Amino acid sequence: MEEQETTQKKPAFKAVMQKRFTAKRLALMAVFVALSYVVSFLEIPMPLFGASFLKLDFGNVFIVLISFLLGPVEGVIVCLLKESLRLLSSSSGGAGEIANFLVTSSFLLLPSIVYCFRKGFATVLITLSAACLIATGAALLANRWIVFPFYFDAGAGAMFEKFWEALLVFNLIKTVAIGGLTVLLYKRLSNFLKKMKI
């Protein structure tokens, strides 16, 4: 009996995967990986409170967008692929890319998961607002325990204490900006994809 149930589950899982990862959806994901990767190099310096290393980019807009358009799993996959490409020119030994992956994933998961079950502008605004706080907290943790130890070694704690306020303000600004752009672009892209039957 158990063997029969396992046999039935395999085709069902395969059908879900085939529906979820069609050629059109995979192609769209590839386009968003490329867009996110390229745009991530267009950085705007934001030296808040003397933290000259802070730079704002909007590459994550495409990752959050794809998570709304296709789902949270696809969003995380696009994020992972984008950060994998960033590894090719990394100056942080992978520490920055790992931190970015964790922070971006923490930002997209709540809104995109809730959106799967409950659509609506109010839902998007509420969940994105919560996601801004979650991602900002995740960014503080990632910087303290992943990024700063790589750059500052034994002085990581002291440097984090010096710059944590700058990191807090910066990541709040960044997440709000990315969330705002996502809201502005989502509807147009959603309508376009419906016409394309993706």
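FYI, it's all coordinate maths here, none of it is from the lab. These numbers come from a predicted model, not from an experiment. All Cβ positions, glycine included, derive from the backbone under ideal geometry; neighbour counts span all protein chains shown.
Angle between the Cα long axis of helix 95-117 and the longest principal axis of the chain, 0 to 90 degrees, nearest 10?
40 degrees
As a test of the formula, what do you get for the chain when each DSSP H run with n ≥ 4 contributes -39,500 (n - 2.57) and the sum is divided by the residue count, at 222 nm and rounded to the nearest 500 deg cm²/dmol?
Value at 222 nm, helices only, nearest 500: -26500 deg cm²/dmol.
Using 0.36 nm per residue of separation minus the Cα-Cα distance, give me the extension gain between LEU172 and ILE126 in nm, one decimal.
Value of the extension gain: 15.0 nm.
For a protection proxy built on the mean count of beta-carbon atoms within 10 angstrom, sort 27-39, 93-105 highest first, please.
93-105, 27-39
For the stretch 117-198, build the charge dipole from Cβ charges (+1 Lys, Arg; -1 Asp, Glu) around the Cα centre, then report which of ALA122, PHE148, GLY180 sits farthest towards its positive end.
ALA122
Can you compute the modelled spin-label distance between ALA154 and LEU80, with each label point 7 Å from Cα toward Cβ, in nm?
3.8 nm
Only sites in a loop by DSSP and with at most 16 other Cβ atoms within 10 Å count here; which trypsin sites (Lys or Arg not before Pro) in the stretch 104-197 make the cut?
Passing sites in the stretch 104-197 are ARG118, LYS119, LYS197.
Quick one: P(r) of the stretch 30-75 from all Cα-Cα pairs, 10 Å bins, percents rounded to integers, in order of increasing distance.
Calculated P(r), rounded to whole percents: 29, 38, 24, 9.
In what sequence do LEU69, LEU48 fall when counting other Cβ within 10 Å, fewest first?
Ranked by crowding around the Cβ, least crowded first: LEU48, LEU69.
So between ALA27 and ILE113, what do we pick up on full extension, going 0.36 nm a residue minus the alpha carbon distance?
Result for the pair: 28.8 nm of gain on full extension.
Nearest 10 degrees is fine. How inclined is helix 2-20 to the longest principal axis of the chain, computing both from alpha carbons?
70 degrees
If you place +1 on the Cβ of every Lys and Arg and -1 on the Cβ of every Asp and Glu, how big does the dipole about the Cα centre of the stretch 48-146 come out, in debye to the nearest 20?
It comes to approximately 140 debye.
Scan around LEU56 for amide H atoms under 5 Å from its own, H built in the peptide plane at 1.01 Å from N, and keep only partners 5 or more places away or cross-chain.
ILE44, MET46
For the pair SER190/ILE44, report the inter-label distance in nm, with labels modelled 7 Å from Cα in the Cβ direction.
Between SER190 and ILE44, the simple spin-label model gives 2.5 nm.
Consider just the alpha-carbon atoms of the chain and return their Rg together with their Dmax, both in angstrom.
18.7, 66
How big is the dipole moment of the stretch 133-198 about its Cα centre under a simple scheme where the beta carbon of each Lys and Arg is +1, that of each Asp and Glu is -1, and everything else is neutral? Debye, nearest 20, please.
780 debye
A 32 angstrom limit on the alpha carbon distance is what I want to check against. Which of LYS82/LYS119; LYS14/LYS55; LYS119/LYS162; LYS24/LYS119; LYS19/LYS174; LYS162/LYS187 exceed it?
Among LYS82/LYS119; LYS14/LYS55; LYS119/LYS162; LYS24/LYS119; LYS19/LYS174; LYS162/LYS187, the Cα-Cα distance tops 32 Å for LYS14/LYS55; LYS119/LYS162; LYS19/LYS174; LYS162/LYS187.
How far is helix 156-196 tilted, in degrees, relative to the longest principal axis of the Cα atoms in the chain, given as a value from 0 to 90 rounded to the nearest 10?
Long axis of 156-196 versus the principal axis of the chain: about 30 degrees.
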